[in-house]
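Take a look at the structure set out below.
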Amino acid sequence: MNQDKPLFVQSDKTMLLDVHSPRAEEARVRLSQFAELVKSPEHMHTYQVSNISIWNAAAMGKGYKDIISTLEDLSRFEIPQSLLFFIKDNLDRFGAIKLTPYDNDYHLLTVKGSLFKAQIISSKTLMAILQPFSEDSFLVPWYKRGEIKIQLIKLGFPTDDLIPLKKGEKL
(Lines give C-alpha, C1' and ligand atoms only; values in the text may rest on other atoms or scores of the structure.)
Protein backbone atom coordinates (compact mmCIF):
# COMPACT_ATOMS: atom_id res chain seq x y z
CA MET A 1 0.00 0.00 0.00
CA ASN A 2 1.26 3.44 -0.92
CA GLN A 3 -0.41 6.35 0.92
CA ASP A 4 0.88 8.87 -1.66
CA LYS A 5 -1.27 7.35 -4.37
CA PRO A 6 -4.76 8.84 -4.65
CA LEU A 7 -6.78 6.02 -6.22
CA PHE A 8 -8.71 3.00 -4.93
CA VAL A 9 -9.42 0.66 -7.86
CA GLN A 10 -12.29 -1.76 -7.27
CA SER A 11 -13.35 -4.99 -8.95
CA ASP A 12 -16.76 -3.55 -9.94
CA LYS A 13 -14.96 -1.26 -12.46
CA THR A 14 -15.25 1.78 -10.21
CA MET A 15 -12.40 3.84 -8.85
CA LEU A 16 -12.47 6.15 -5.86
CA LEU A 17 -10.27 9.23 -6.07
CA ASP A 18 -9.19 10.90 -2.83
CA VAL A 19 -9.60 14.56 -3.79
CA HIS A 20 -7.38 15.67 -0.88
CA SER A 21 -4.36 13.86 -2.27
CA PRO A 22 -1.57 16.05 -3.69
CA ARG A 23 -1.86 14.03 -6.92
CA ALA A 24 -5.66 14.35 -7.24
CA GLU A 25 -5.60 16.87 -10.11
CA GLU A 26 -3.08 14.79 -12.07
CA ALA A 27 -5.25 11.71 -11.47
CA ARG A 28 -8.39 13.51 -12.69
CA VAL A 29 -6.73 14.42 -15.96
CA ARG A 30 -5.29 10.94 -16.52
CA LEU A 31 -8.48 9.08 -15.54
CA SER A 32 -10.60 11.20 -17.88
CA GLN A 33 -8.81 9.51 -20.80
CA PHE A 34 -10.46 6.13 -20.12
CA ALA A 35 -13.04 6.49 -17.32
CA GLU A 36 -16.18 8.52 -16.64
CA LEU A 37 -16.78 10.64 -13.56
CA VAL A 38 -20.05 9.38 -12.05
CA LYS A 39 -20.10 10.98 -8.58
CA SER A 40 -18.24 13.93 -7.12
CA PRO A 41 -19.05 14.40 -3.43
CA GLU A 42 -16.77 16.41 -1.18
CA HIS A 43 -14.00 13.92 -0.30
CA MET A 44 -14.08 11.04 -2.80
CA HIS A 45 -14.91 11.18 -6.49
CA THR A 46 -16.13 8.00 -8.19
CA TYR A 47 -15.01 7.07 -11.69
CA GLN A 48 -16.41 4.20 -13.76
CA VAL A 49 -14.73 2.21 -16.51
CA SER A 50 -17.23 1.12 -19.19
CA ASN A 51 -17.18 -0.40 -22.65
CA ILE A 52 -17.68 3.04 -24.18
CA SER A 53 -15.01 4.73 -22.06
CA ILE A 54 -12.49 2.07 -23.11
CA TRP A 55 -13.52 2.33 -26.78
CA ASN A 56 -13.17 6.13 -26.58
CA ALA A 57 -9.68 5.68 -25.13
CA ALA A 58 -8.81 3.32 -27.98
CA ALA A 59 -10.14 5.87 -30.50
CA MET A 60 -7.74 8.41 -28.97
CA GLY A 61 -4.85 5.99 -29.46
CA LYS A 62 -4.61 4.73 -25.87
CA GLY A 63 -3.59 1.11 -25.57
CA TYR A 64 -3.58 -1.47 -22.81
CA LYS A 65 -0.13 -0.47 -21.52
CA ASP A 66 -1.15 3.21 -21.37
CA ILE A 67 -4.25 2.52 -19.30
CA ILE A 68 -2.64 -0.06 -17.01
CA SER A 69 0.45 2.07 -16.36
CA THR A 70 -1.85 4.93 -15.31
CA LEU A 71 -3.75 2.67 -12.94
CA GLU A 72 -0.56 1.19 -11.50
CA ASP A 73 0.94 4.64 -11.02
CA LEU A 74 -2.14 6.01 -9.23
CA SER A 75 -3.59 3.03 -7.34
CA ARG A 76 -2.84 2.43 -3.66
CA PHE A 77 -3.54 -1.28 -4.00
CA GLU A 78 -3.18 -4.01 -6.62
CA ILE A 79 -5.50 -3.68 -9.62
CA PRO A 80 -8.19 -6.41 -9.65
CA GLN A 81 -7.66 -9.07 -12.32
CA SER A 82 -11.30 -8.79 -13.41
CA LEU A 83 -10.73 -5.13 -14.34
CA LEU A 84 -7.54 -5.95 -16.24
CA PHE A 85 -9.46 -8.59 -18.23
CA PHE A 86 -12.35 -6.17 -18.91
CA ILE A 87 -9.99 -3.51 -20.25
CA LYS A 88 -8.08 -5.97 -22.45
CA ASP A 89 -11.26 -7.56 -23.80
CA ASN A 90 -12.81 -4.22 -24.72
CA LEU A 91 -9.63 -2.93 -26.33
CA ASP A 92 -9.47 -6.15 -28.39
CA ARG A 93 -13.05 -5.60 -29.56
CA PHE A 94 -12.30 -2.07 -30.77
CA GLY A 95 -11.60 -2.21 -34.50
CA ALA A 96 -12.50 -5.90 -34.79
CA ILE A 97 -15.63 -5.14 -36.82
CA LYS A 98 -15.63 -2.92 -39.87
CA LEU A 99 -18.56 -1.83 -42.02
CA THR A 100 -17.60 -0.82 -45.56
CA PRO A 101 -19.43 -0.09 -48.82
CA TYR A 102 -20.09 -3.08 -51.08
CA ASP A 103 -22.65 -2.26 -53.77
CA ASN A 104 -25.91 -0.32 -54.13
CA ASP A 105 -27.88 -2.87 -52.10
CA TYR A 106 -25.42 -4.05 -49.44
CA HIS A 107 -22.67 -3.05 -47.06
CA LEU A 108 -19.87 -5.44 -46.10
CA LEU A 109 -19.36 -6.29 -42.41
CA THR A 110 -15.90 -7.75 -41.80
CA VAL A 111 -15.08 -9.49 -38.52
CA LYS A 112 -11.50 -9.95 -37.28
CA GLY A 113 -11.13 -13.07 -35.15
CA SER A 114 -12.91 -16.41 -35.06
CA LEU A 115 -14.07 -15.93 -31.44
CA PHE A 116 -15.79 -12.66 -32.31
CA LYS A 117 -17.33 -14.24 -35.41
CA ALA A 118 -18.67 -17.11 -33.29
CA GLN A 119 -20.29 -14.62 -30.91
CA ILE A 120 -21.97 -12.86 -33.82
CA ILE A 121 -23.17 -16.10 -35.42
CA SER A 122 -24.69 -17.20 -32.09
CA SER A 123 -26.95 -14.11 -32.06
CA LYS A 124 -30.31 -14.86 -33.66
CA THR A 125 -31.07 -11.14 -33.93
CA LEU A 126 -27.88 -10.45 -35.87
CA MET A 127 -28.17 -13.50 -38.09
CA ALA A 128 -31.69 -12.43 -39.08
CA ILE A 129 -30.03 -9.36 -40.66
CA LEU A 130 -26.66 -10.68 -41.82
CA GLN A 131 -26.01 -12.79 -44.89
CA PRO A 132 -22.79 -14.85 -44.80
CA PHE A 133 -20.45 -13.71 -47.56
CA SER A 134 -16.97 -15.10 -46.91
CA GLU A 135 -14.94 -16.70 -44.12
CA ASP A 136 -14.74 -13.42 -42.21
CA SER A 137 -17.50 -11.24 -43.62
CA PHE A 138 -21.24 -10.75 -44.00
CA LEU A 139 -23.49 -8.71 -46.25
CA VAL A 140 -25.78 -6.17 -44.58
CA PRO A 141 -28.73 -4.64 -46.49
CA TRP A 142 -28.04 -0.91 -46.82
CA TYR A 143 -31.24 0.01 -44.98
CA LYS A 144 -30.17 -2.08 -41.92
CA ARG A 145 -26.95 -0.10 -41.34
CA GLY A 146 -28.13 1.59 -38.12
CA GLU A 147 -29.88 -1.48 -36.75
CA ILE A 148 -26.83 -3.71 -37.20
CA LYS A 149 -24.65 -1.20 -35.37
CA ILE A 150 -27.11 -1.02 -32.47
CA GLN A 151 -27.31 -4.81 -32.21
CA LEU A 152 -23.52 -5.13 -32.29
CA ILE A 153 -23.17 -2.54 -29.49
CA LYS A 154 -25.64 -4.56 -27.41
CA LEU A 155 -23.40 -7.58 -27.94
CA GLY A 156 -20.35 -5.55 -26.88
CA PHE A 157 -18.88 -4.71 -30.28
CA PRO A 158 -18.28 -1.19 -31.54
CA THR A 159 -18.48 -0.96 -35.32
CA ASP A 160 -15.89 0.93 -37.31
CA ASP A 161 -18.30 2.43 -39.86
CA LEU A 162 -16.22 3.38 -42.89
CA ILE A 163 -19.16 4.13 -45.18
CA PRO A 164 -19.05 7.75 -46.34
CA LEU A 165 -22.19 9.83 -45.91
CA LYS A 166 -24.00 10.82 -49.08
CA LYS A 167 -25.24 14.31 -49.76
CA GLY A 168 -28.99 14.47 -49.87
CA GLU A 169 -31.22 16.73 -51.89
CA LYS A 170 -31.29 20.38 -50.92
CA LEU A 171 -34.38 21.40 -49.06
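The values are calculated or read from the model by the stated rules, or taken from the named source; none is laboratory data. Remember, predicted model here, so these are calculated numbers, not experimental data. SASA here: full protein model, heavy atoms, side chains in, ligands and nucleic acids out. Shrake-Rupley method; radii C 1.70, N 1.55, O 1.52, S 1.80 Å.
In the chain, the portion of solvent-accessible area held by carbon and sulfur atoms comes to 55 percent [1.4 Å probe, whole percent, DNA, RNA and ligands not counted]. Taking the C-alpha atoms only, the angle from helix 64-74 to the longest principal axis of the chain is near 20 degrees. Nearest 500 deg cm²/dmol is fine: what mean residue ellipticity at 222 nm does the chain get from its DSSP H runs of n ≥ 4 alone, each adding -39,500 (n - 2.57), divided by its residue count? Helix contribution divided over all residues of the chain: -10500 deg cm²/dmol. Only aspartates and glutamates eight or more places from Lys65 in sequence, or on another chain, were considered; those with a Cα closer than 15 Å are Asp73, Asp89, Asp92. Using θ = phi - 60° in the Karplus curve 6.51 cos²θ - 1.76 cosθ + 1.60, the 3J(HN,Hα) couplings for region 6-14 round to x, 10, 10, 8, 10, 6, 8, 6, 9 Hz; x is entered for Gly and Pro. The solvent-accessible area of Arg28, taken with every protein chain present and a 1.4 Å probe, is close to 70 Å². Taking all protein chains as shown and a probe of 1.4 angstrom, Arg30 keeps an accessible surface of around 60 Å².
The residues of the chain present an accessible area of 59 Å² per residue when probed at 1.4 Å with all protein chains retained. By its C-alpha gyration tensor, with a ≥ b ≥ c as the square roots of the eigenvalues, how is region 96-144 shaped: rounded for a/c under 1.5, else prolate for a/b larger than b/c, else oblate? Note, shape of region 96-144 comes out oblate.
In summary, the aspartates and glutamates within cross-link reach of Lys144, defined as a Cα separation below 17 angstrom excluding same-chain residues under 8 places away, comprise Asp103, Asp105, Asp160, Asp161. Taken one residue at a time, the phi angles of region 35-49 give Karplus couplings (6.51, -1.76, 1.60, θ = phi - 60°) of 9, 10, 6, 10, 8, 9, x, 4, 10, 10, 9, 10, 10, 10, 9 Hz. Gly and Pro are set to x.
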